[in-house]
Ligand SMILES: Cc1cc2nc3c(=O)[nH]c(=O)nc-3n(C[C@H](O)[C@H](O)[C@H](O)COP(=O)(O)OP(=O)(O)OC[C@H]3O[C@@H](n4cnc5c(N)ncnc54)[C@H](O)[C@@H]3O)c2cc1C
């Protein structure tokens, strides 16, 4: 059980790293392992799996934009649905968002600006304000956005990885890191690194390099070995409603325009799955929700207190619905700037902090992590852009604050 590289965590991020690393060094022995039975079964499977290229930071736009280019090539293989996003703004939010809006390139980023009338041609929506809900003043219809199957994406990377000779081990939970040197009494001058990891069945895996791609579990795994990963977990919840009549929500349910919607109140967003008459609601569950792996169950009270009032304000005609499904997962936040983290100590590299947009950025993050593990200074992204690897590190970080987190 000796490998050139051991990747712990087969979510969309670990799977993408495994694929890009193996592609670059086909002769090396690489092991991808996960405590679940299959790839993508952690928070990847809990996501709304929406993608967008609209971010306030250049970093966010580069990571998502290039990944989307790769996903568009995969198309049906990952169930890609280029439905678009309709991002709605109050008058105040519209004024405050002019900078990211002007940074968009209308040609390359494919978007259109809509006024109230344009929005009301698509949605049966109430645009008036009523405390605490702001007005709807304008919107951006982003066409390079939509949804994807997050599980299919993770499994695509893993099956390609296996077809190149990569090894996988599921049902394998890493419980312990064994450091080089003598037991735990290290002198500051000892050259410490990780020599092995131990799983729940007592098996040990020896590696030259270790990659921790454990998303929201990263802090719990690394803090005991003395590493501050900079990433913390926070619970997020999604609620699916069965609706009887899409005509209570959309002006023309037969039209091709069925975008994901971001409302101006509380970061509430809606994913439309109208072939099954389902609307999925998410919400920016922020202050008050602890940075902890606390209770993994969704809270029905949260639905009635935070989501239902938003529905009845903005969609007063939407009456016949029932809550059919609810689930919760964890974002892995890198709170200072909401961009991913790729950092190393000795022979251990952790890749996390995707801050709620890991599906849409996974291809770029996998390429950048692979470039770092290969010792390159730059990674080549799917759209041909180059990305300096150290920009996502903690010590030489060079990213802008991302404001458009939902
Ligand atoms: C409710 C919700 C909605 C979201 N919506 C979107 C969205 O619309 N678009 C988007 O881009 N992103 C979205 N996200 C974020 C997205 O899900 C994450 O950014 C992404 O899944 C992160 O991938 P990951 O591989 O880092 O983490 P994960 O998928 O969680 O993978 C980490 C893996 O590590 C494994 N693991 C952990 N500890 C160990 C251990 N000790 N030993 C072995 N294995 C271990 C876990 O089993 C897991 O499979 C959403 C997240 C949530 C919770």
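Computed extension length for residue 287-residue 228: 19.0 nm, one decimal, from 0.36 nm per residue of separation with the Cα-Cα distance subtracted.
Helix 150-163 sits at what angle to the longest principal axis of the chain, using alpha carbons and giving 0 to 90 degrees rounded to 10? Helix 150-163 and the main axis of the chain meet at about 30 degrees.
Take residue 58, project a point 7 Å from its Cα along the Cβ direction, then tell me which residues of region 97-112 have their backbone nitrogen under 13 Å from it. Hits in region 97-112 for residue 58 at 13 Å: 103-104. The separation of region 196-238 from region 350-406, counted between C-alpha centres, amounts to 19 Å. How far is helix 12-24 tilted, in degrees, relative to the longest principal axis of the Cα atoms in the chain, given as a value from 0 to 90 rounded to the nearest 10? Rounded to the nearest ten degrees, it is 50.
Determine which residues of region 70-97 fall in the zone a paramagnetic label at residue 120 would reach in this model, i.e. backbone nitrogen under 17 Å from the point 7 Å along Cα→Cβ. Taking a point 7 Å out along Cα→Cβ of residue 120, the residues of region 70-97 whose backbone N falls under 17 Å are 88-91.
To the nearest Å, what is the center-to-center distance of region 145-178 and region 82-97, using C-alpha atoms only? Distance between centres, Cα-based: 35 Å.
Using a Gaussian network model of the chain in which every pair of alpha carbons under 10 angstrom is joined by a spring, one finds that among 172, 44, 218 the greatest mean-square fluctuation is at 172. Shape class of region 1-54 from the alpha-carbon gyration tensor: oblate, with a/c at 1.5 or above and b/c at least as large as a/b.
Counting DSSP beta bridges in the chain, what percent are antiparallel, to the nearest 5?
Working: 55 of 74 bridges.
Of all bridge pairs located within the chain, approximately 75 percent are antiparallel.
Full extension of the chain between residue 101 and residue 274 yields a length gain of 59.4 nm, computed as 0.36 nm times the residue separation minus the alpha carbon distance. Taking all Cα pairs closer than 8 Å and separated by 6 or more residues, the relative contact order of the chain comes to 24 percent. Hey, in the GNM for the chain with a 10 angstrom Cα cutoff, which one of 203, 242, 36 fluctuates hardest? Greatest mean-square fluctuation among the candidates belongs to 203. Packing-based ranking of 318-326, 159-167 yields 159-167, 318-326, ordered from highest to lowest mean Cβ neighbour count within 10 Å.
Is the C-alpha gyration tensor of the chain telling us rounded, prolate or oblate? Criteria: a/c under 1.5 is rounded; beyond that, a/b larger than b/c is prolate, otherwise oblate. Judged from the Cα gyration tensor, the chain comes out prolate (a/c at least 1.5, a/b above b/c). In the Gaussian network model of the chain, springs joining C-alpha atoms below 10 Å, which of 147, 97, 56 carries the largest mean-square fluctuation? Highest fluctuation of the listed residues: 97. For region 208-322, the extents of the C-alpha atoms along the principal axes are 57, 32, 23 Å, listed from largest to smallest.
Here's the picture: a label point sits 7 Å out from the Cα of residue 169 along the beta-carbon direction, and within region 215-241 nothing has its amide nitrogen under 15 Å of it. Both the radius of gyration and Dmax for region 17-158 are 18.9, 63 Å, in that order, over alpha-carbon atoms. Here the spin labels are modelled as points 7 Å beyond Cα on the Cα-Cβ line, and at residue 308 and residue 160 they lie 4.5 nm apart.
Helix 58-74 axis versus longest C-alpha principal axis of the chain: approximately 90°, rounded to the nearest ten.
Laboratory data are not the source of any read-out in this text; all were calculated from the coordinates shown. Note that the structure is a prediction, hence the values are computed from the model and not measured. Cβ atoms come from the backbone with ideal geometry, glycine included; neighbour counts cover every protein chain shown.
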